[in-house]
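Below is one structure; the comments refer to it alone.
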Amino acid sequence: MEFQPPEQAGFRKGFSTIDHIHTVRQIIQKTEEYNQPLCLAFVDYEKAFDSIETWAVLESLQRCQIDWRYIEVLRCLYNAATMTVKVQDHKTRPIQLQRGVRQGDVISPKLFTNALEDVFKTLDWKGHGICINGEYMSHLRFADDIVIMAESLQELSWMLSGLNAASRRVGLGMNLDKTKVMYNAHIKPEPVAVGEATIEVVQEYVYLGQTIRLGRSNFDKEAARRIQLGWAAFGKLRHIFSSAIPQSLKTKVFNQCVLPVMTYGAETWTLTLTVHTNNVKDVPPYCGAVPEYPAWFEPFVMQWLNENDDVSLEYLNGAFNRDKRDGLSRWLLV
């Protein structure tokens, strides 16, 4: 069921959230570098997977020329879906469900993204969005996480209104309170309205788990946020790091549960001296097999040792083994 355009990266082999995060960051950098206008709208749907109309899902499969036997299996499955409401010891009669995709079903994400693709096919956005090497990019999608791009607020408002109308036809409703807009310094400020609602303008937005800001220094806050999240993950596992389990197991726990939290999306950052000096010194203390720590790391090691009397400095220092990746020490990747 790979009938998706490159704008849709959700639930597809070879795609991840990093693809769209990197694309958005590159667009922000290039428009800033060449003094180009940029408007972004981050769309939020209300209970998208539970609201999509069943008929829209089945019709989207037919338009993709899926084998009719598979479509009939899904049609029977969804036509037989019912629910009952229980109040104390009483139950209502079965109520047939006509909306939503089945929770936990492995095919549900594909069914939803396929129906959403039909929504976007009804939109005439050709020649709208931002121009990149003669081609226009109007939006990016990761399942129901959508960011719309435009070169003016009037164009952005028109695109949002069109998407809202097309989405409602298949049961999807935009949450206009959570839908946000941001634009750079090359845009003349004016209200962005969808129907009678005015969309809020924000300076930053958490998109696919990464804080997005416009301007040149759009990585600093996310780097600090990643470190805070790393500290939070480290704190939840403090009882493990202070326990008597083997050091090798503590290392595995850190690598699996703390390090990914700190480094998520870091490959999309432009590492400047400011980002490095202001943030890298604040990373959580590591109690496992990592490279021998530099001087700036010692206060954090001592703090951890003070809280863990059963671990000696010699033991901890010996545990900081060389673990290189692509010729770089792992701590440099934080």
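The values are calculated or read from the model by the stated rules, or taken from the named source; none is laboratory data. Only a predicted model underlies this, so the values are computations on that prediction, with no experimental measurement involved. Cβ atoms come from the backbone with ideal geometry, glycine included; neighbour counts cover every protein chain shown.
Results, tabulated for the structure shown:
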item: Residue tally, condition in contact with a Ser or Thr (Cβ under 8 Å, 6 or more places away or on another chain) and of a type in the set (Val, Ile, Thr), over segment 79-97; result: 4
item: Pairs where the first residue, in segment 33-57, is free of Cβ contacts under 8 Å to residues at least 60 places away in the same chain and part of a helix (DSSP H, G or I) and the second is surrounded by fewer than 18 Cβ atoms within 10 Å (Cβ to Cβ) and of a type in the set (Gly, Ala, Ser), C-beta under 9 Å, 6+ apart; result: THR54/ALA81
item: Near pairs, Cβ below 8 angstrom, 6+ apart or cross-chain, from segment 12-26 (among the aromatic types (Phe, Trp, Tyr)) to any residue that is not in a helix (DSSP H, G or I); result: PHE15/ALA9
item: Residue match in segment 130-149 (condition: crowded, with 19+ Cβ neighbours inside 10 Å and part of a helix (DSSP H, G or I)); result: no
item: Checklist (1) at pLDDT below 90; (2) part of a strand (DSSP E or B) applied to ILE212, failing item; result: (1)
item: Tally of residues being polar (S, T, N, Q), modelled with pLDDT under 95 and either outside any loop (DSSP other than H, G, I, E, B) or touching a helix residue (DSSP H, G or I) at 6+ places or on another chain (Cβ under 8 Å) (or both) across segment 168-187; result: 1
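One line per residue, one yes/no per condition, for (1) small (Gly, Ala, Ser); (2) under 29 Å from PRO37 (Cα atoms); (3) surrounded by 15 or more Cβ atoms within 10 Å (Cβ to Cβ):
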residue: ALA185; (1), (2), (3): yes, yes, no
residue: VAL194; (1), (2), (3): no, yes, yes
residue: ARG213; (1), (2), (3): no, yes, yes
residue: GLY235; (1), (2), (3): yes, no, no
residue: GLN247; (1), (2), (3): no, no, yes
